[in-house]
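Data first, discussion second: the structure below is written as structure tokens.
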Amino acid sequence: MLADITPVILTFNEAANIGRSLERLAWAREIVMVDSGSTDETLAIASRFPNVRTVQRPFDSHAEQWRFATTETGIAGDWILRLDADYMMEPDLLAEIEVLRPDAGIAAYRIAFTYCIDGHPLRASLYPALPVLFRRGRGRFEQDGHTEKLAIDGTVVPLKGRLLHDDRKRLDRWIQNQMRYQAYEAEKLTSRPWAALSWPDRIRRTRVLGPIAVALHCLIAKGLVFDGKAGLLYTAQRVTADLILSMHLLHRDLGKLGK
């Protein structure tokens, strides 16, 4: 199975993460890395790995970048492992994938994540399991707020093994990204009818309840109060993201009132 898999990674200034991710992909014959103009050491780090092929493309949207990366970069293998630069393969997951013998009806495998804060694994997070491993030609990328969703044509099977999500970029970079991401989320929440929104998105659209609900859900329901400072920092990050979203939504409201 491993010989049929091509890992694909999108990058932009991922020097803090990309080396750790690539080290765990030594088994891959080829890794396709689509970079959108990194100005840090990302490309230099990737060049140290002989199985990495780098393609440059200016970024327009996550969905379009992933569509290009998985359909227009000359991938020949039957399966694609789509990874962010801060995703790390775990040995148990690799061993599980190695012995897979999927029949023709299986189009993808869904993989859950262990979220880490500066290398400290959390007992839980809000990060969902995703169809990370899929047959080439059986997935379609759709823009969803600030990120993308992968729609799969066929059966999706969950795997027991997990990926690590371990982003080591600086906090100020995270805040800058959230300012941009939550603007897209605000656009999504206000452009869709109420009935089309999930319950979490409906709570977020209230402008007030989102940050409170996230804090309670992380600390109590997910038990992150027992993960010490790492759990508190993760909770603070998620609450901050929702606060930024609320500010974007309120700013939109005030702008409409002023017209």
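The values are calculated or read from the model by the stated rules, or taken from the named source; none is laboratory data. Keep in mind it's a predicted model, so treat the numbers as computed, not measured. Backbone-built Cβ (ideal geometry, glycine too); neighbour counts: all protein chains shown.
Quick rundown of the values:
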read-out	value
Flag if Val99 is of a type in the set (Val, Ile, Thr), surrounded by 15 or more Cβ atoms within 10 Å (Cβ to Cβ) and out of contact with any helix residue (DSSP H, G or I) (no Cβ under 8 Å at 6 or more places or on another chain)	no
Residue list for the stretch 169-205, filter: closer than 25 Å to Asn13 by Cα, in contact with a helix residue (DSSP H, G or I) (Cβ under 8 Å, 6 or more places away or on another chain) and not aromatic (Phe, Trp, Tyr)	Ile175, Gln178, Met179, Gln182, Ala183, Glu185
Matching residues, the stretch 155-180, being aliphatic (A, V, I, L, M), part of a strand (DSSP E or B) and under 18 Å from Tyr115 (Cβ atoms)	Leu159, Leu163, Leu164
Residue list for the stretch 191-218, filter: of a type in the set (Gly, Ala, Ser) and closer than 15 Å to Asp144 by Cα	Ser191, Ala196, Ser198
Residue count, the stretch 190-212 (criterion: free of Cβ contacts under 8 Å to residues at least 24 places away in the same chain and assigned to a helix (DSSP H, G or I))	11
Selected residue (criterion: surrounded by the fewest Cβ atoms within 10 Å (Cβ to Cβ)) from residues of the stretch 216-250 that are at negative phi and of a type in the set (Gly, Ala, Ser)	Ala221
Out of Arg123, Arg162, sole residue that is modelled with pLDDT of 95 or more and surrounded by 15 or more Cβ atoms within 10 Å (Cβ to Cβ)	Arg162
Count of the stretch 105-127 residues which are under 12 Å from Val156 (Cα atoms) and either of a type in the set (A, V, I, L, M) or outside the structural domain of Pro7 (by TED's automatic domain parsing) (or both)	4
Residue within the stretch 32-42 that is of a type in the set (Val, Ile, Thr), loosely packed, with under 15 Cβ neighbours inside 10 Å, under 21 Å from the mean Cα position of the chain (by Cα) and within 20 Å of Gly139 (Cβ to Cβ) present	no
Residue under evaluation Val132, criteria (1) under 15 Å from the mean Cα position of the chain (by Cα); (2) in a helix (DSSP H, G or I); (3) among the β-branched types (Val, Ile, Thr), criterion not met	(2)
Residue that is surrounded by the most Cβ atoms within 10 Å (Cβ to Cβ) [pool: residues in the stretch 3-25 that are β-branched (Val, Ile, Thr) and outside any helix (DSSP H, G or I)]	Ile9
Glu187, sole failed condition from (1) farther than 26 Å from Leu233 by Cβ; (2) part of a loop (DSSP other than H, G, I, E, B); (3) charged (D, E, K, R)	(2)
Meets criteria (surrounded by fewer than 21 Cβ atoms within 10 Å (Cβ to Cβ), in contact (Cβ under 8 Å) with a residue 24 or more places away in the chain and either at negative phi or β-branched (Val, Ile, Thr) (or both)) for Ala129	yes
Any hit, the stretch 84-107, residues being within 13 Å of the chain's Cα centre (by Cα) and farther than 15 Å from Leu164 by Cβ	no
The stretch 82-95 residues that are under 25 Å from Glu41 (Cβ atoms) and assigned by TED's automatic domain parsing to the domain that holds Thr70, paired with ones that are among the acidic types (Asp, Glu) and exposed (fewer than 14 other Cβ atoms within 10 Å of the Cβ) (beta carbon under 9 Å, 6 or more apart)	Met88/Glu23
Residue within the stretch 143-153 that is out of contact with any Leu (no Cβ under 7 Å at 6 or more places or on another chain), among the hydrophobic types (A, V, I, L, M, F, W, C) and without any contact (Cβ under 8 Å) to a residue 24 or more places away in the chain present	yes
